[in-house]
There are 2 protein chains.
Amino acid sequence: MRLADAGDRVMGKLVAAYGPEGALGQVRRGCLDPVFVEELAAVKGRPLDVRRLLEAWRARLPATDPIADLTEGERLGARLIVPGDLEWPTQLDDLGSERPLGLWLHGDADLRFSCLRSVAVVGSRAATPYGAHVAAEFGAGLSEAGWTVISGGAYGVDAAAHRGALAGVAQTIAVLACGTDIAYPAANQDLFAAIRSRGVVVSECPLGVRPTRLRFLVRNRVIAALSRGTVVVEAALRSGALNTAGHAVTLRRHLAAVPGPVTSENSVGCHRLIRRSEAVCVTSAREVIELVGAIGDDLAPEPRGPVLPRDALDDETRRVLEAVPARAGSGPATIAVAAGVDLLTALSSLGALAAAGFVERADQGWRLRRPK
Amino acid sequence: MRLADAGDRVMGKLVAAYGPEGALGQVRRGCLDPVFVEELAAVKGRPLDVRRLLEAWRARLPATDPIADLTEGERLGARLIVPGDLEWPTQLDDLGSERPLGLWLHGDADLRFSCLRSVAVVGSRAATPYGAHVAAEFGAGLSEAGWTVISGGAYGVDAAAHRGALAGVAQTIAVLACGTDIAYPAANQDLFAAIRSRGVVVSECPLGVRPTRLRFLVRNRVIAALSRGTVVVEAALRSGALNTAGHAVTLRRHLAAVPGPVTSENSVGCHRLIRRSEAVCVTSAREVIELVGAIGDDLAPEPRGPVLPRDALDDETRRVLEAVPARAGSGPATIAVAAGVDLLTALSSLGALAAAGFVERADQGWRLRRPK
């Protein structure tokens, strides 16, 4: 994940074809499989500049140390999930070769289950008081009805939507354009802490990575893909929220927009979406739920204990499960040693076991989940 | 017109079948044609309470004096047009048996030509500052682009739309729910005077008739029918503007609504129209024109002189035309005497001649129009 930038499609295809270790091996050897290069060039209709690609990736090799990243993540309380993990939200597959290679998560909520009934609430950083008010109202209304709010971590609409959601009962998810250990903007530090305890902070950027303009845009596809639908609360004509809206349309998610005064620059983007029939006009959280809940309302029963029989688990995962203590939590490294697996496998298995309802996060690591 | 209330469908059908004089004769005799009664009952699927109808109409017979009305109208500067007159807007035929029996007009503009490129701008009497601002902006924008504004005469959106239109170059038309001689509300008296000099004040109520709640509702169908489309600027859920919007939909006119803050009760009606796809979301006068101008943009060349050859006029109308002086105006009564026709014919012919561009209103009556 440190080799290529988030959203790098060639790396995405490479990992899809050879797995992360196969891809890493090719980069280390400084030579891509010629069959892969040829097929990709055929799809793109022009030759691939392999030398330039490899140069860029290899320049990052010295800083690439997955084990160190995982250890550091564990120290900070963050975990890594990759496709195939039970906590992995499979709706991200809709992103095709732009699917994130993995996601860093920091927070108590289970990402996959939280996203089953979720709505992205996005809009201007420089929100008007009206936009901030509406974002908070929508966040609270969705959360009270048991819908997870997904947004970025910016000022304005993002922050207001999270604050509203925290006033309700459901999870709230912040998808950042930087490492989950970076509080950007710094003034939202307390907000991120609150989100970690009631939801989860998500990023495809490794720890320590700083936000850039491109990373914000690339991040938006994850917000759109995670949710069942996106609501644009306020957006000027050049707002990043319209970029998220575009992803929602491409991904065939629901798209809604909140109208506002026609005299407000910050509502011009919303009105354009409505006029072009790209977005449904919504004026309340109830109307959003009516829209996104229309199909599959019964898709997402709240998990109340293991949803998979123990016997359905594979050997490794069962070994990890047996290493998890019943009361006081253990850290993943301890569990890995007890189960006789490597740390990466332990982390991945723990995520899967948590998503399936066998284990839960405790203050000091993981413990068995008691049936409710 | 004094016998039955505006919008009385039975009277509408009676006049359609026997003409105004035939209808009046039947009411005077106290006996409706049995064939008519039977046919109407068959259409309605239930017998007609002829006795009750006649009683109501006949109770008004003593106050019904068309000649007195016309004389009084002439004294006040108002004129009566009926279907078939050249100034009659034939789009009113879309109202079927609810078509007005006639319209009283007071003002310098020609109703039919003014309405060819016209938009109704309607909304709450109790408009917010936002609604009044938007109504004025839309009125001005439409007027500057040469589009006539049609609205009622109420406070709030109606008045603001007219004021905006008066700031532009086009006509503005106020359709009242009372006689054109009644200033209701009284505080809009100056506004009505301004509209008379730059547009026309219209009513299907005879002179002296006071507004009632029912007359406002019945009036709304005329606003919707006269215009190519209706824009709802602000409307609470129980606003009369939504009644006008309903007529626009029934009449297959364009319908647009202006979004506003979702926190404003006065925009709830607009948002509902947009959400139900009954109205197009519009945020500027330009967008309204784009909507209503889409078909038939070239329908309405500005009249620049007679549009009918003199030879195409019927004998009576030609006689009236020959009685109209070239410079100083003559009143209709003088012209009627000079032409050897009755006053009603003279008035009707003068309307037709004005609409066709032969004559124009002068300070003291009518005169020939000089070619431009």
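Here, each number is a calculation from the coordinates, and none is a lab measurement. In this text, all values refer to a predicted model and were calculated from it rather than measured experimentally. As a convention, Cβ positions derive from the backbone with ideal geometry for all residues, glycine included, and neighbour counts pool all protein chains shown.
Write down the percent of antiparallel bridges among all DSSP beta bridges whose residues are both part of chain A, to the nearest 5.
Bridges in chain A that DSSP calls antiparallel: roughly 35 percent.
About the Cα centre of the stretch A:303-368, how large is the charge dipole given +1 on each Lys and Arg Cβ and -1 on each Asp and Glu Cβ? Please answer in debye to the nearest 20.
260
Within 10 Å of each Cβ of B:279-287, how many other protein chain Cβ atoms are there on average?
Numbers: counts 0, 3, 12, 3, 13, 2, 0, 0, 3.
For peptide B:279-287, the averaged partner shielding equals 4.
Please list, in chain and number order, the residues 5+ apart from A:Thr230 or on another chain whose amide H is under 5 Å from its amide H, with Hs placed from the backbone.
A:Ala120, A:His254, A:Leu255, A:Ala256
Report, in debye and to the nearest 20, how large the dipole of the protein assembly as shown comes out about its Cα centre when Lys and Arg carry +1 and Asp and Glu carry -1 on their Cβ.
Dipole of the protein assembly as shown, to the nearest 20 debye: 440 debye.
What are the ³J(HN,Hα) couplings of the stretch A:141-152, residue after residue, when phi is run through the Karplus curve with 6.51, -1.76, 1.60 and θ = phi - 60°? Round to Hz, x for glycine and proline.
Rounded to whole hertz, the list is x, 5, 5, 4, 8, x, 9, 6, 9, 10, 7, x.
What ranking of B:Ser284, A:Ser197, B:Ser349 emerges when the number of other C-beta atoms within 10 Å of each C-beta is taken as an exposure proxy, fewest first?
A:Ser197, B:Ser284, B:Ser349
Quick one: compute the contact order of the stretch B:1-101, relative version, from alpha carbon pairs under 8 angstrom and 6+ residues apart, as a percent.
40
Choose one answer from A:Ala326, A:Ala193, A:Ala279: the residue with the largest mean-square fluctuation in a GNM of chain A with alpha-carbon springs under 10 Å.
A:Ala326
Kindly identify the stretch A:303-368 as rounded, prolate or oblate by the Cα gyration tensor criterion: order the square roots of the eigenvalues as a ≥ b ≥ c, call it rounded if a/c is under 1.5, otherwise compare a/b with b/c, prolate if a/b is larger, else oblate.
It is oblate, given that a/c is not under 1.5 and a/b is not larger than b/c.
Which residue in chain A puts its Cβ closest to the axis that rotates chain A onto chain B, and at what distance in whole Å?
Per the Cβ-to-axis criterion, the result reads A:Pro259, 2.
Straight-line reach from A:Lys44: which aspartates and glutamates have a Cα under 16 Å away, not including same-chain ones fewer than 8 places off?
List returned: A:Asp8, A:Glu98.
Taking 0.36 nm per residue of sequence separation and subtracting the Cα-Cα distance, how much length would be gained by fully extending the chain between A:Thr250 and A:Asp314, in nm to one decimal? It would help to have the intermediate numbers written out before the result.
Values: separation 64, 0.36 × 64 = 23.04 nm, distance 3.61 nm.
Result for the pair: 19.4 nm of gain on full extension.
How well do other chains shield peptide A:266-273, expressed as the mean number of their Cβ atoms within 10 Å of each residue Cβ?
Going residue by residue through A:266-273 and averaging, the value is 2.
What are the nm distances, shortest first, from B:Ser284 to its equivalents in the other copies, labels at 7 Å along Cα→Cβ?
3.3
One decimal, nm, shortest first: give the distances between the label point of B:Asp49 and those of the same position in the other copies, each label point 7 Å from Cα along Cα→Cβ.
Copy-to-copy label distances for B:Asp49: 8.7 nm.
Could you compute Rg(Cα) / (2.2 N^0.38 Å) for the stretch A:84-222, with N its residue count? Numbers along the way, then the final one.
Numbers: Rg = 13.8 Å, N = 139, 2.2 N^0.38 = 14.3 Å.
Ratio of Rg to 2.2 N^0.38 Å for the stretch A:84-222: 0.96.
Can you figure out the FRET efficiency of B:Ala56 with A:Arg276, using R₀ = 56 Å and their beta-carbon distance, to the nearest 0.05? Walk me through the numbers before you get to the answer.
Working: r = 52 Å, r/R0 = 0.93.
Between B:Ala56 and A:Arg276 the formula returns 0.60.
Rounded, prolate or oblate for chain B? Axes are the square roots of the Cα gyration tensor eigenvalues, ordered a ≥ b ≥ c, and the cut-off for rounded is a/c under 1.5. It would help to have the intermediate numbers written out before the result.
Working: a/c = 1.83, a/b = 1.20, b/c = 1.52.
Verdict is oblate for chain B.
Could I have the simple spin-label model distance between B:Ala126 and A:Glu21, label points 7 Å from Cα toward Cβ, reported in nm to one decimal?
Distance between the two pseudo-spin positions: 7.2 nm.
Between B:Arg28 and B:Arg75, 0.36 nm times their residue separation minus their Cα-Cα distance comes to what?
In short, 14.1 nm is gained.
Let me spell out the model: positive unit charges on the Cβ of Lys and Arg, negative unit charges on the Cβ of Asp and Glu, origin at the Cα centre of chain A. What dipole size does that give, in debye rounded to 20? Please report the intermediate quantities before stating the final value.
Details: 43 positive and 41 negative charges, 124 e Å.
Computed about the Cα centre, the dipole is about 600 debye.
Between A:Arg28 and the same site in the other copies, what are the distances in nm, shortest first, taking label points 7 Å from Cα along the C-beta direction?
11.1
Extent of the protein assembly as shown along each principal axis, from alpha carbon coordinates, in Å, largest to smallest?
117, 57, 44
Please report the net charge: other residues with Cβ closer than 15 Å to the Cβ of B:Ala132, K and R +1, D and E -1. Provide the component values of the computation, followed by the final result.
Details: positive: B:Arg125, B:Arg163; negative: B:Glu137, B:Asp158, B:Glu234.
Local net charge: -1.
Taking springs between alpha-carbon atoms closer than 10 angstrom, which of B:Arg51, B:Arg215, B:Arg318 fluctuates most in the Gaussian network model of chain B?
Top of the fluctuation ranking is B:Arg51.
Please state the shape class of the stretch B:1-114: rounded when a/c is under 1.5, otherwise prolate if a/b exceeds b/c and oblate if not, all from the C-alpha gyration tensor.
Note, shape of the stretch B:1-114 comes out oblate.
What are the principal axis extents of the Cα atoms in the stretch A:9-64, in Å, biggest first?
33, 21, 17
Within a Cβ distance under 13 Å of B:Ala248, other residues only, what is the Lys/Arg minus Asp/Glu net charge? Intermediate results must be reported in sequence, preceding the final value.
Values: positive: B:Arg221, B:Arg228, B:Arg252, B:Arg253; negative: B:Asp94, B:Glu278.
Local net charge: +2.
Got a sec? Charge dipole of the stretch B:91-292, +1 on Cβ for Lys and Arg, -1 for Asp and Glu; which of B:Val268, B:Ile195, B:Ile173 is way out at the positive end?
Most positive-ward Cα: B:Val268.
Each label point is 7 Å from the Cα along the Cα-to-Cβ direction; what then is the distance between the points at B:Arg370 and A:Leu344, in nm?
Here the answer is 9.5 nm between the modelled labels.
May I ask for the net charge around A:Gly107, where only other residues with Cβ less than 11 Å from the Cβ of A:Gly107 are counted and Lys, Arg are +1 while Asp, Glu are -1?
Details: positive: A:Arg79, A:Arg196, A:Arg198, A:Arg361; negative: A:Asp108, A:Asp110.
Here the count lands on +2.
How do B:Lys44, A:Lys13 line up, fewest other C-beta atoms within 10 Å first?
Fewest-to-most Cβ neighbours within 10 Å comes out as B:Lys44, A:Lys13.
If you restrict to DSSP beta bridges whose two residues both lie in the stretch A:90-292, what percentage is antiparallel, to the nearest 5?
Antiparallel bridges: around 15 percent, rounded to the nearest 5.
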